[in-house]
Amino acid sequence: MFTRFLSFAILLCAANAALATPQIQHWEAPSGARVYFVEDHSLPMLDVAVDFPAGSGYDVAGKVGVANLTYGMLDLGAQGLSEDEVASKLADIGAQMSGQFDDDRAGLRLRTLSNPAERDVALDILGRCLQWPLFPEPVLAREKARLIAALKEEETQPESIANKAFDKAVFGVHPYGWHVEVADVEKIQRAELDSFYRAHYGANTAVVALMGDVTRAQAEAIAQRLTASLPAGGADPRVPAVMIRIKPSEQRIPHPASQSHILTGAPGVARNDEDYFPLYVGNYILGGGGFVSRLMNEVREKRGLAYSVYSYFIPMQQPGLFEIGLQTKKDQADESLRLVRKVLREFVDKGVTEKELRAAKQNIIGGFPLRIDSNRKILDYLSVIGFYELPLTYLDDFTRNVDKVTPRQIHDAFKRRIDPDALATVIVGAPEDKAGAAK
Amino acid sequence: MRIHLLVVALLLLVSSAARAEVFERTLSNGLNVIVKEDHRAPVLVQQVWYHVGSMDENTGATGVAHVLEHMMFKGTVEVPAGQFSKIIAAAGGRENAFTSYDHTAYFQQLHKSELKLAMRLESDRMHNLQMAKREFDKEIKVVMEERRWRTDDDPHALMYEKLLATAYKEHPYHHPVIGWMVDLQNMTDADAQKWYRTWYAPNDATLVIAGDVKADEVFAMAERYYGRIPAVKLPERKAVGEAPQLGIQRIVVKAPAELPYLIMAYHAPTLRDSEKDWKPYALEVLAGVLDGNSSARLNKALVREQQVAMDVGVGYDSVARGPGLFVLEATPSEGKTVGDVERALREQLALLVRDGVNAQELERVKAQVTAGEVYKRDSVFYQAMQIGQLETAGLSYKDIPVMLRKLQAVTAQQVQDVAREMFNDDHLTVATLDPQPLSDKPRHVGGAAHVH
């Protein structure tokens, strides 16, 4: 399917006041897990998410990839269930299990019918995967081989090459910048998964989100049942600090593709940062607002240089990526990069106009109902609010927080955070005659 | 269009229109209006589906349906270029459009109070589009970049494009939706203009509104905004088909990659008569038995047990205007070849043809369909999508409950029968990716190439 433009479903917690926001119930389970629940009986279904601070940011040097494989193996064999039984028994009742894995979070998601016959089986399977995963040796060997093959493939594809080089250039030796390599995977042992699991999947750092057709009493029982037998945990739930200031760099990496893939950026903002709202609203104007952003207007609408051009912040526990990206045919790469840099510099130097800010607020505030119009979306918010310990009123406050943002705050936040002279830049499939040239 | 994995295909096929509130009315100018009421959240989606897609294009002008889709944002007298998106954004909306073989569709998602705005803008560009040459000249470059990004530089997409061009010899599914690059290079604003004048009319469209709306109010508003647009005499559409393939076809695609890749595509029927047909339902179930969950036959045998493949997938979509394909795809494990994977896949198909499917496998697929029916209701957008896809494939939203019932009635014997008939080498096209090394393989980027 060919769409007019590419939209990014980056999870940015956002919301409105004019609209009834979901009533979030919160408590701590006897196990110690933090629980977030929205009761809604309009559809006979239940969504559950259980997350842990066990993403790739918790890998340690020399053992990169352990977090990822631990997460990946959770549903591939658990007490009383082979990997095939996990999948087939869920399918038998039409339940769907998926997951969440990024630099901070690792966890499982379950969607099931709320009818007790289906729900109980589904929750039993989820509970076993979370609390008694087996990490079977032969399955691990196979998954390592699959991961290695996938990594080798990624090393040939321009987008993957660009992302990897870019993360490394932005985050240096911080785990946010690490990408697992073939050699890392080869040496991973079952015992490392086991000890990572025992240290990072403890109940005291678990976040359980429940959305749908159960009562409060049922939700309490479910949360306890999913977390009561988790391991002791005890690992530090904090990710190491990110170095905010980076040295400017530019890498031009040859590739036979017809387009250059261009990424430029720096460490951005943490989820709990005071600058979050000014940066989020400001970025809507810069390159986050689909067709109405400055980058889209200059690069695509005025000049036809690219199909997709965007900017975003990925707010994490520590400052995550601020990234601008585009793809364009090779002989336009240098022109496009110059243009992007000019747009960013002007944005940081001069800030936004009242008119732009008004339009941004209209969209973000007016569009709030669309952010919470399904159980799935509300579940995602519950997970984020729980994991990052955002206020329970986060959704109620969101539109007010957006509305409060001033042009001056945006200007000030970008000026302090984004230095156009200190960005990491990666060009994969760089124009060949200039490959290796300094900027 | 990419291969749909089974879950998606199944969700697509089934729906709960039987109990849901769906209303339909055809305006005097021929515009078909379908309203799906869903009052869970104060939002709505408007989708206009034009019954024209890339399969209606002519040789030398492939890609024009999609190019026009881009041009639809380039302004009318009342709403100049770029304003459409700005106005929708200011109303808190999200909007986009998409083109496929069978249709071209435009949508806006908004708060329920904004239906009037959405209708005013969408009806305006149904008949007032201005085709400025300078806008076309920029936008055609954008589309070429889109083609490079989606297809030319993506080995699997490229392979799929070449596979379709091999499997379909006569039917226009032979041509890619985005168009061949040379056709894009030769396209003019006049081509897009002609396409617009020929096909964009109320009597060639279905308007789907879903969400927190009242059907009567929607019909009244549709009458006001769309009702005044005159109908157009549409060109006669010649029936197109695909003569039987007379023997196996094999192609090789070379592209920069590490791993080889295999696609096997068998010609397969699509739904024409939801009540009388049975094969498309049996094929949906067959796809579920082979690949409906991670312990389904193919993943269990090829990836988990034999470890001959690192990934395997099945694609089949029963809803389409034209003839379908039943597609198997796999990536060989390290040290294995596409030949090994093809043998392993064929072995599984032979087993299925010989022994059929067991009752448990059958029930499992049906349970997934039943649950998917409930889950589907979590998305207003998706429910509207399903209606539009059916309507533009020559079916109707009224077929939804029929399809669900027929799917639940599929027997093990039917699955075996359809497998026996379909898995015939004479109707098979096999594509393999022959991975090419990068000229300068960036195994260790970041070190030497790093310049400050």
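The values are calculated or read from the model by the stated rules, or taken from the named source; none is laboratory data. Bear in mind that the values here come from a model prediction, so they are computed numbers and not experimental data. Note that we place each Cβ from the backbone using ideal geometry, even for glycine, and neighbour counts take in every protein chain shown. What goes into the accessible areas is simple: the full protein's heavy atoms, side chains included, and nothing from ligands, DNA or RNA. Shrake-Rupley method; radii C 1.70, N 1.55, O 1.52, S 1.80 Å.
Note the count of lysine pairs whose C-alpha atoms are less than 29 angstrom apart in the range B:155-271, limited to pairs 8 or more residues apart or on different chains. Number of lysine pairs found: 8. Packing order of peptides A:285-298, A:141-154, B:163-176, highest average first: A:285-298, B:163-176, A:141-154 (average count of other Cβ atoms within 10 Å over each peptide's residues). Close amide H pairs (under 5 Å, H built 1.01 Å from N) link residue A:260 with A:328, A:329, A:330, residues at least 5 positions away or on another chain. Tally the DSSP beta bridges in chain B and give the antiparallel ones as a percent, rounded to 5. Percent antiparallel among DSSP bridges in chain B is about 75. Under the classification rounded if a/c is under 1.5, otherwise prolate if a/b is larger than b/c and oblate if not, where does chain B fall, given a ≥ b ≥ c as square roots of the Cα gyration tensor eigenvalues? The shape class here is oblate. One Cα centroid belongs to the range B:274-331, the other to the range B:104-153; the line between them spans 34 Å. Rounded to the nearest 0.05, what FRET efficiency do residue B:250 and residue B:134 give with R0 = 56 Å and r taken as the Cβ-Cβ distance? Could you check? E between residue B:250 and residue B:134, to the nearest 0.05, is 0.75.
Length, then width, then depth: along the principal axes, the Cα atoms of the range B:202-245 run 50, 26, 10 Å. Only Lys, Arg, Asp and Glu carry charge here, each on its Cβ (+1 for the first two, -1 for the last two); on that basis the range B:216-355 has a dipole of about 460 debye about its Cα centre.
Just the number, please: Stokes-Einstein D of the range A:185-233 in µm²/s, Kirkwood Rh from C-alpha pairs, 37 °C, 0.692 mPa s.
260
What the phi angles of the range A:86-94 give under the Karplus curve with 6.51, -1.76 and 1.60, with θ = phi - 60°, is a coupling list of 4, 5, 6, 5, 5, 5, 4, 10, x Hz, glycine and proline written as x.
If you plug the beta carbon distance of residue B:347 and residue B:405 into 1/(1 + (r/R0)^6) with R0 = 45 Å, you get a FRET efficiency near 0.85.
By a 1.4 Å probe calculation restricted to protein chains, residue B:150 has an accessible surface near 60 Å², given to the nearest 10. Only protein atoms count toward the accessible area here, which uses a 1.4 Å probe; on chain B, the carbon and sulfur part of that area reaches 52 percent.
When nucleic acids and ligands are ignored and a 1.4 Å probe is applied, residue B:149 ends up with an accessible area of around 40 Å². Of all DSSP-defined beta bridges confined to the protein assembly as shown, some 80% are antiparallel rather than parallel. Going out from 0 in 10 Å bins, what whole percent of all Cα-Cα distances in the range B:247-332 drops into each bin? Computed distribution, short to long bins: 16, 39, 32, 11, 1. Summing Cβ point charges (Lys, Arg +1; Asp, Glu -1) relative to the Cα centre of the range A:223-276 gives a dipole of roughly 180 debye. Projecting the Cα atoms of A:276, A:210, A:222 onto the charge dipole of the range A:173-328, computed from C-beta unit charges around the Cα centre, puts A:276 farthest toward the positive end.
Compute for chains A and B the buried accessible surface, both sides summed, probe 1.4 Å, and express it in Å² to the nearest 100.
Chains A and B together bury roughly 7100 Å² of accessible area.
Using just the helices of the protein assembly as shown, give the 222 nm mean residue ellipticity in deg cm²/dmol: DSSP H runs with n ≥ 4 each add -39,500 (n - 2.57), and the total is spread over all residues, rounded to 500.
Mean residue ellipticity at 222 nm (helix-derived): -12000 deg cm²/dmol.
Here's the list of aspartates and glutamates a cross-link from residue B:74 could span, going by alpha-carbon distance under 19 Å and ignoring same-chain residues fewer than 8 apart: A:298, A:301, B:95, B:122, B:124, B:135, B:137, B:139, B:145, B:146, B:189, B:191. What is the percent of Cα-Cα separations in the protein assembly as shown that go past 42 Å? That fraction is 33 percent.
Our coupling estimate for the range B:212-219, obtained by passing each phi through the Karplus curve with A = 6.51, B = -1.76, C = 1.60 and θ = phi - 60°, is 7, 10, 10, 4, 4, 5, 5, 4 Hz, Gly and Pro reported as x. Our summary of shape: the Cα atoms of the range B:231-289 have principal axis extents of 52, 34, 28 Å, ordered from largest down, in whole angstrom. Of the listed pairs A:247/A:329; A:89/A:164; A:89/A:377; B:36/B:366, which have alpha-carbon separations greater than 30 Å here? Check vs 30 Å cut-off fails for A:89/A:164.
Inter-label distance, residue B:234 to residue B:354: 4.9 nm, where each label sits 7 Å from its Cα along the C-beta direction. Here the calculated FRET efficiency for residue A:376 and residue B:21, from their Cβ-Cβ distance with R0 = 25 Å, stands at 0.70, rounded to the nearest 0.05. Legend: mean number of C-beta atoms from other chains within 10 angstrom of residue C-beta atoms, peptide B:329-335, equals 2. Within 10 Å of the Cβ of each residue in A:139-150, the mean number of Cβ atoms contributed by other protein chains is 3. Each residue of the range B:278-295 was assigned a 3J(HN,Hα) from its phi angle through the Karplus expression (A = 6.51, B = -1.76, C = 1.60, θ = phi - 60°), giving 10, 4, x, 5, 4, 5, 4, 5, 4, 4, x, 5, 6, 8, x, 7, 6, 10 Hz with x at Gly and Pro. Inter-chain neighbour count for B:243-249: the average number of beta-carbon atoms from partner chains within 10 Å of each residue's beta-carbon is 0.
Dividing the radius of gyration of the alpha carbons in chain A by their Kirkwood radius gives 0.98 for Rg/Rh. Between amide H atoms placed 1.01 Å from N, distances below 5 Å from residue B:310 occur with B:331, B:333, all of them 5 or more places distant or on a separate chain.
Using the Kirkwood radius built from alpha carbon pairs, what does the Stokes-Einstein equation give as D for the range A:288-431 at 25 °C and 0.890 mPa s, in µm² per second? Calculated translational D: 142 µm²/s. Accessible area per residue for the protein assembly as shown, computed on protein heavy atoms with a 1.4 Å probe, is 37 Å². When only Cα pairs below 8 angstrom with a gap of at least 6 residues are kept, chain A shows a relative contact order of 24 percent. The alpha carbon centroids of the range A:247-289 and the range A:367-439 are separated by 10 Å.
Charged side chains reduced to their Cβ positions (Lys and Arg at +1, Asp and Glu at -1) give chain B a dipole of some 500 debye around its Cα centre.
When only alpha carbons are used to place a centre, the range B:226-246 and the range A:25-87 end up 50 Å from one another.
Once the chain from residue A:26 to residue A:204 is taken as fully extended at 0.36 nm per residue, the excess over their C-alpha distance is 62.6 nm.
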